[in-house]
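Note sheet for the following structure.
The values are calculated or read from the model by the stated rules, or taken from the named source; none is laboratory data. On a predicted model such as this, the values are computed, not experimentally measured, just so you know. Don't worry about glycine lacking a Cβ; one is built from the backbone with ideal geometry, like all the others, and counts go over all protein chains shown. Ligands, DNA and RNA are excluded from the accessible area calculation, which covers all protein heavy atoms including side chains. Shrake-Rupley method; radii C 1.70, N 1.55, O 1.52, S 1.80 Å.
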Amino acid sequence: MTFSGDFTYESRPVRVVFRPGAAVSATPGEAEHLGLRRLLVVCGSRGEAVARAVAEALGDSCAGLHAEARMHVPVEDADRAVAVAREAGADGVVAVGGGSSIGLGKAIALRTGLPLIAVPSTYSGSEMTPVWGLTEGGSKRTGRDPKVQPRSVVYDPELTLSLPVPLTVTSGVNALAHAVEALYAPDTSPLIALMAEEGVRAMTEALPRLAGDPADVEARGQALYAAWLCGSCLGSTTMGLHHKLCHALGGTYGLPHAETHTVVLPYALAYNAPEIPGALTVLKRALGTDDPPHALWELAGRLGAPRSLAALGLQETDLAEAAVQVAGQPYANPRPVTVDGVRAVLEAAFQGRRP
Ligand code: NAD
């Protein structure tokens, strides 16, 4: 990207430990480093075995295990988890799992101010952001609060070995979306551009290897490293059209998070392309292509990911309303967001045709 000497960059204090086996071997040390002695471990039902191993490693510093994380953090789940944390006398929280588990940990941190340690098992990147989300009455609210930013993040590639190939691919593209939108965010900066380029390069190199051999620990490590970089981009910048579209499609129409990101990204990028020459230069270099939207579409299809919103269960009759909803919200995007423009993006994504 052409150097622009006009930017603001804020780094947030977070420790990152990265190594195979770290979930069990490093989490107790991170708790100790933060001076925490009574940690509540939270996870989803599927991740309970790993979370239990982390809880056991914490030994006397574990105040309990709460395995009730669900997608999009329903507010009643947050209420219950906060009550459990208070009853247990917890002085900190460890969230083990994907964005949903980390989201529940953040909800506890938001209400109680308890420090959070994140042990991510997907590539969602939530662990690197001060963004929380809560769902109430069918609509999802999000906000930023430094309280919810994990103080310590334990990246363990071995934890991701169990991610099935379809979720590996879509979660990986979810990470790519953070880097892509960070490159054209109003608050982007040269450091973000470096992280985004390396994140896109590393993730797009790792995903085909993982589709071929999901047990390749080195490729798992590379994908998780990319997720860290892409998540850092997400945490430091303001997202645009792509994330707003996915938020609406997930929140209002119940579409699955990572899959929706995977389908929408090539079309949102194609829409913004005329206005983002600098970001495209970086993406062309990172992807080794002249046509980044097509390369992302081709990659997802080649690795067996869903390619259309129709395949995810959206109804064609929902497109008009979704377009009005997304165009009606004010947010930063390099190209003006019009109802017709969003509608065209949604229609192309609905059909899954070449962007
Ligand atoms: P998720 O946490 O819901 O996980 C998806 C599924 O994969 C779940 O069934 C889970 O049990 C399973 N899973 C997770 N890790 C696994 C593993 N290693 N092996 C096998 N199965 C595994 O989904 P996600 O995509 O990680 O996160 C999505 C959620 O996170 C959404 O609610 C999204 O809004 C939120 N999110 C928030 C931020 C933020 O900054 N606040 C960022 C990204 C995502």
Exercise for the section: Please work out if residue 284 is in a helix (DSSP H, G or I), out of contact with any Leu (no Cβ under 7 Å at 6 or more places or on another chain), free of Cβ contacts under 8 Å to residues at least 12 places away in the same chain and open to solvent by 40 Å² or more (accessible area, probe 1.4 Å). Expected result: yes
Practice task
Could you please tell me which pairs satisfy a Cβ distance under 6 Å, a separation of 6+ or placement on different chains, a first residue in segment 63-90 that is assigned by TED's automatic domain parsing to the domain that holds residue 103, and a second residue that is open to solvent by 40 Å² or more (accessible area, probe 1.4 Å) and in a strand (DSSP E or B)?
Solution key: 72/140; 75/136
Practice task
Return yes when residue 211 is surrounded by fewer than 23 Cβ atoms within 10 Å (Cβ to Cβ), in the same structural domain as residue 335 (by TED's automatic domain parsing) and in contact with a Ser or Thr (Cβ under 9 Å, 6 or more places away or on another chain) and no when it is not.
Solution key: yes
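Determine whether residue 245 is closer than 26 Å to residue 351 by Cα and in a loop (DSSP other than H, G, I, E, B).
On the way: closer than 26 Å to residue 351 by Cα: yes; in a loop (DSSP other than H, G, I, E, B): no.
Against the criterion (closer than 26 Å to residue 351 by Cα and in a loop (DSSP other than H, G, I, E, B)), residue 245 does not qualify.
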Problem - Single residue of 235, 251, 199, 172 found to be at pLDDT below 95 and touching a Ser or Thr at 6+ places or on another chain (Cβ under 9 Å) - result: 251
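For residues that are of a type in the set (A, V, I, L, M), assigned to a helix (DSSP H, G or I) and within 10 Å of the ligand (Cβ to nearest atom), scanning just segment 157-186, find the one that is surrounded by the fewest Cβ atoms within 10 Å (Cβ to Cβ). Spell out how you get there, then give the answer.
Kept after step one, since they are of a type in the set (A, V, I, L, M), are these residues of segment 157-186: 159, 161, 163, 165, 167, 169, 173, 175-177, 179-180, 182-183, 185.
Next, from what is left, pick out any that are assigned to a helix (DSSP H, G or I): 159, 165, 167, 169, 173, 175-177, 179-180, 182-183.
With the extra rule that they be within 10 Å of the ligand (Cβ to nearest atom), the set shrinks to 159, 167, 175, 177.
Working: 159: 26, 167: 19, 175: 30, 177: 26.
Across segment 157-186, the extreme among qualifying residues is 167.
Going by what's in this entry, would residue 268 be described as open to solvent by less than 10 Å² (accessible area, probe 1.4 Å) and at pLDDT 95 or above? Before you say what the answer is, go through the steps one by one.
Details: open to solvent by less than 10 Å² (accessible area, probe 1.4 Å): yes; at pLDDT 95 or above: yes.
Considered against the rule, which asks whether it is open to solvent by less than 10 Å² (accessible area, probe 1.4 Å) and at pLDDT 95 or above, residue 268 comes out as yes.
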Handout entry: Selection from segment 19-67 of residues that are open to solvent by 50 Å² or more (accessible area, probe 1.4 Å), within 16 Å of the ligand (Cβ to nearest atom) and not hydroxyl-bearing (Ser, Thr, Tyr)
Key = 20, 24, 46, 48, 49, 50, 52, 65
Completion exercise
Residues of segment 233-255 being away from the ligand (no atom under 11 Å from the Cβ) and not hydrophobic (A, V, I, L, M, F, W, C), in sequence order, are 236, 237, 238, 240, 242, 244, 252, 253, 254
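Just the residues that are of a type outside the set (D, E, K, R) and in contact with a Gly (Cβ under 8 Å, 6 or more places away or on another chain), please, taken from segment 19-49.
To start, the set of residues in segment 19-49 that are of a type outside the set (D, E, K, R) comprises 20-29, 31, 33-36, 39-45, 47, 49.
20, 28, 31, 34, 36, 39, 40, 41, 42, 43, 44, 47, listed by residue number.
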Exercise for the section: Scan segment 1-26 residue by residue and report those that are closer than 26 Å to residue 146 by Cα and small (Gly, Ala, Ser). Expected result: 11, 22, 23, 26
Practice task
State all residues of segment 298-308 that are out of contact with any Asp or Glu (no Cβ under 9 Å at 6 or more places or on another chain) and open to solvent by less than 40 Å² (accessible area, probe 1.4 Å); if no residue qualifies, say none.
Solution key: 299, 300, 301, 303, 308
